[in-house]
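Just so you know, all these numbers are worked out from the coordinates, no wet-lab data involved. Keep in mind it's a predicted model, so treat the numbers as computed, not measured. In this analysis, Cβ positions are derived from the backbone assuming ideal geometry, glycine residues included, and neighbour counts consider all displayed protein chains.
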Amino acid sequence: MELWVGAICLGLVYAFTGIGIFITFRVHNFPDITVDGSFTLGAAVGAVLIASGANPFVSILAAFVAAALAGVVTAAIHTKLNVNGLLAGILVMTGLYSVNLHVMARSNIPLLDKTTCFTYLQSVNPGMHPEVWTCCGLVLLNVLFWLLMTLFLKTDYGITMRAVGNNPDMAAANGVHVNAYKTFGLALANGFAGVSGCLVAQYQGFADIGMGIGTVLMGLAAVIIGESVISSPSVAAQVFGVLLGSVIFRLMIAFALSIGMNPIDLKLLTAFFVLLTLVISAGVARGKGEKGGVLGALGTVLKLRRFRYVTAGAVLAILAFLGYRHYTKGPLRTGQEYRIGVVQYTSHEVLDSARDGFVAELKRLGYQPGQNCKLQLENANGDMPTVSSIIDKFNTEKLDIVVTISTPCTQAAINKITDRPIVFTTVANPFVIGAGKTETDHLPNVTGAYGEARMDKIVNIVHTLIPRKLKVGTIWNPALANSVVHLGNLKKALASCPDYTLVETTVTSTSEVYEAANALNNKGAELFLLISDNTVFSAFDSVMKVARRNNIPVFLSNLDRLQDGTLGCLGFDFSGAGAQGAQLVDRILKGEKPSGIPFEHYRDETFGLNLDAAKNFGITIPDEFIKQATFLHKDGKRVPGPAARKAAEGPGPAVPGAHKRIALLVFNDNIILRQTIGGVMEELEKSGVLRKYNMTVDTKSAQGEFAMAQSIAQDFVRQQYDYIITISTPALQVTAQVNKKIPHVFGAVTDPYRMGVAKTSAEHQPNLTGVASFQPIAATVALMRKVLPNAKRIGIVWNPAEACSEACTYKTREVVKDYGFELIEATVSGTGEVPDALRSVLGRKVDIFFTSGDNTVNLARPTIAQILREKKIPYFTNAPNDVLQGSCVSIGADYVEVGRETGRMAVRVINGEDPRTIPIKDYVPKKIAVNLPLAREIGITIPEDVVKQAESSEKQP
Amino acid sequence: MITIRDLRKTFNAGTANEVRPLRGVNLEVKEGDFVTIIGTNGSGKSSLLNAVAGKFLPDSGSILIGGEDVTRKWDWQRARHIARVFQNPFTGTAPDMTIAENLHIAWLRGRTHYPRLGLNAGRRSAYREQVRQLEMQLEDRLDNVIGTLSGGQRQALTLLMAVLSQPKVLLLDEHTAALDPKTAAQVIKLTRRFVEKDRLTTLMVTHSMQQALELGNRTIMMNAGQIIEDIPLEEKRHHTVEDLLDKFAELRKTEQLTEEMLESLRREYA
């Protein structure tokens, strides 16, 4: 039912475009393709106004005016500058693309929670099915429009306009200003297209920069179908024919979908149908010409009828044939239990692997398509109206659950489906499209997995690999919502690397990518750092061609093309994202309510490095990166990296008794935490518990995001791991919140008492225990005084959102007074802000800069170290290994030792001790490390006894 | 009513295709004059009409209609005062619109357009009466589209449309040349009737010496972009087709006509 009603609704909103096309192509005999752009312009103007709270009806008016102006521009180019009409339309349409992006300020504006015309309509719904009621409203609107349009075409204006189109010479001879009427007609036509765009945006719940593509053809199909169904010279009949044609066109597509036709064939079918209609109407016209009189007319009518049946029959036969083929290839209909519909926006590497991952995981979870479930995989091939129709079809077929792959599909689905669960995946940011406000506060029937590519991490890696002044080039398509987000992240990340500058070029289609890559090379880009951009990725070979020719290294986000010589890639494993989607589907089908399932962040990150390429470019890859890599390209072959996820370790239902599983969560990948993990693993292996209990350890990093940490922790609990180990304060915080049962050992936590998981060492949350490693703040400040007797001010940059950092800073505030220092503070909320904060602190003449246990600031350590080195200011930190990354003096815990300590505690728990009875261990080591060359360089003398103390704790690098 | 002074026009100047249809035309037409224009192919007859209608703007010279200088005005601006009937019966009407609608376009000439349903019952009955004058039984087919009519019917309607809003000047450009003799005679009859009824100032280009002599009160002869003969009504009475041909023969003697041109004239007019 919804499928057909939905199709009629779509047809009715697109009918306005049909009338626009009717005015230009038929009335004016002017092939105007501005409509592709003005349709979107109407949507953009309408969406911007509605999003800012304007009345939706006013927004329709504004959309009309804006789009009409576009038509005026086309007319002016055509009439004043004597440019061919088709070309004028192409020019304006192309230009409008930029204008639309400016109007929207981004590529996609969601209208889900906004008041649209349809919200008003539903508020007076007398109790009908919402879609049917919408349809009634639209029918009424179209009837009104039909009457007004017919009347208009019969006024003096209308008659003159028709005469101008029909015979401009005659019109001019009768004193009609032909160009003025042409302009008027184009304005009117584009205005209607704008209204159509505005209505479509309100109907589907968002405006998108790409929504206008193919509108001209759709409108033309409506006009031609209308003419073949109703062939009458009467204006009323002609206008009615267009409205009807638009609806028939959408119904046709709905029918094709309902019989299971592959949407790939829809475009071909459309073209074929339009052609068939043209041929037949030409045949009918010839028949008319030959015969006269009443009998002849009757014959024509009969012939027309017969032809109509032939047309309908032919189309039905083709549809049925294609549908039959689809079914015979598709899943069987016997013994099915669950019906799952999957809609994918288009085909490319990322979406395809998400879909494949979804299907594979679903099968692994016991859903066998054709046996106990029916799985429908639909692909809209990049066409928004098709997405809409597919979702209507899902609605009609009473599926149990709908899975959306990609952002546009999710947007369309959450707008249309309210009565059954939706699980989305491959969505960078579900909050901007209105799927929810937070991970837990979201639309009641919607849940899914999401994640944005980590540009900061990529930049950090690249900066470690190439630590010098560098021009980083990137190519992106401003029309893609995700690219805009990713580019913003890239810029933010680059802000923390003052020696890196960004050069960018934009593209609108794959054909421009090669040129754009060349342009980047000409602008002097020394490295291509490509964000996850579907347009660029589709034409990736062009980028590679330019990069190879000019010997430019390439680093990628989300795309694995190491075999083609790229230096490295970092992103998400999208088949894992698909698998996450499948797990969510499983939970919902087993009875969980989507409203109670928080959005999950992607869990599996992939990190690939090409050692061959690195050798070619003369880049040395540090061992720590190789250790983190999930796969490597070495000697022309692809090999799994040390951090590869082993198949056996993959998430799945626990098999009690068979083996035990430890889940290890680390907040981010900074060096301190990696050392801690190293220590934990060392101890676990040494103790022999891994072999003894046939144990596996699943290590997950939250990539520095609380949201992701939360998802991972929730997943640990759901998967019923036997033990959980968390490294870092946020990891502990998040896990302690969701897990009250599974034994939990924590490490690399500064102050567990502040966080409320424990009151004292012995009195703590019953299922957890661990190691508290206090930063030796007092010792550090004492050391500062010893090294720099005349120093007055200590600078510190910290993130107040980090509990551990807060603890350190408060402690520092107390201690500095005792040693006669003044503490100059600046706060940040993200790594990207660190350089600015650092400069503001330096501007206040500090003598020493200090970072304690702040994860946000620690990620920017190489940058900080460099700036401080230039300014000759000593850098003190609380992790001895920091001297390797450019700190001057570091005093604190040896985190490998912290890890070992944590590991030993975990072994006790695994061997059967109750965490409740194990007191939290307070571990305060004071290991000193000194960077002597740096100290000499910036003119600081380290006292002999300090150097000795450092040497006794460990050898200097 | 019409004053033309030293009108000149060159198309494709400076190229191999250079054409100079008007090379200094001077003409004074009084109100109510019915001037027939004859001349060889390419002598500038049609160009003169197009220049008056405003199809193109002249290189130099001036055109005054009823004392108003319209030299630099566009065709649609002049159309308030000037009506035209073309040689091609398909040019003067909108084929996909009905008879009534076509007549309505003509009626709107020179009137301000409003967004109103102008083609009301009153106008329709007025048009029916007008169409009845054509005596072509079209008065009951007001809602038929023009495309279904014959060339003669369309040309008669174009003529009716031209005179519907009482123009100051009527331009007829060989408007019967494409019709069969019987229909042509019918259209000429209508032309005579309409012009006489409203005493319209008329310029009519024709290829028929007979028409040229029978119609109107003045005949001008064009050659090579200039007016070479101006025969007033009194003289016309005494002229025969042969006389006109003799005039052409005289031109031959003064070397103003080539042998081929004369031959083509004989073929066309005799």
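Observations
- Spin-label model, B:GLU234 to A:SER595: label points 7 Å out along the Cα-to-beta-carbon direction sit 10.7 nm apart.
- Average beta carbon contacts from partner chains per residue of B:156-169, 10 Å cutoff: 1
- For the protein assembly as shown, the antiparallel share of DSSP beta bridges with both residues in that region comes to about 30%.
- Among B:SER208, A:SER246, sorting on how many other beta-carbon atoms sit within 10 Å of each Cβ, with the fewest leading, yields B:SER208, A:SER246.
- Cβ crowding within 10 Å, taken as a proxy for footprinting-reagent exposure, orders A:CYS888, A:CYS135, A:CYS409 from fewest neighbours to most as A:CYS135, A:CYS888, A:CYS409.
- Cα gyration tensor, segment A:338-452 - rounded (a/c under 1.5), prolate or oblate: rounded
- Rounded to the nearest 20, the Cβ-based charge dipole of segment A:338-452 about its Cα centre (Lys and Arg +1, Asp and Glu -1) stands at 360 debye.
- Rounded to the nearest 20, the size of the Cβ-charge dipole of the protein assembly as shown about its Cα centre is 800 debye, with Lys and Arg at +1 and Asp and Glu at -1.
- With an a/c value of 1.5 or above and a/b larger than b/c for the gyration tensor axes a ≥ b ≥ c computed over the alpha-carbon atoms, chain B is described as prolate.
- Whether chain A is rounded, prolate or oblate, judged on the alpha carbon gyration tensor where a/c under 1.5 counts as rounded: prolate
- Rounded to 5, percent antiparallel among DSSP beta bridges of segment A:338-452: 5 percent
- Dipole axis of chain A (+1 Lys, Arg; -1 Asp, Glu on Cβ), positive-most option in A:THR346, A:ILE253, A:THR438: A:ILE253
- Once both labels are positioned 7 Å from their Cα atoms along Cα-to-Cβ, the gap between B:ALA16 and A:LYS363 label points is 7.3 nm.
- Selection from A:ALA748, A:VAL787, A:GLN710, by position along the positive dipole direction of segment A:670-794 (Cβ): A:VAL787
- Placing +1 on the Cβ of every Lys and Arg and -1 on the Cβ of every Asp and Glu, with no other charges, gives chain B a dipole of roughly 1020 debye about its Cα centre.
- Order of A:LYS686, B:LYS168 - criterion: other Cβ atoms within 10 Å of each residue's Cβ, fewest first: A:LYS686, B:LYS168
- Pairs from the list A:LYS374/A:LYS398; A:LYS660/A:LYS740; A:LYS491/A:LYS634; A:LYS437/A:LYS741; A:LYS416/A:LYS437 with a Cα-Cα gap above 22 Å: A:LYS491/A:LYS634; A:LYS437/A:LYS741.
- Between B:ASN88, B:THR3, B:LEU64, the Cα set farthest toward the positive side of the dipole of segment B:1-92 (charges on each charged residue's Cβ, about the Cα centre) is that of B:ASN88.
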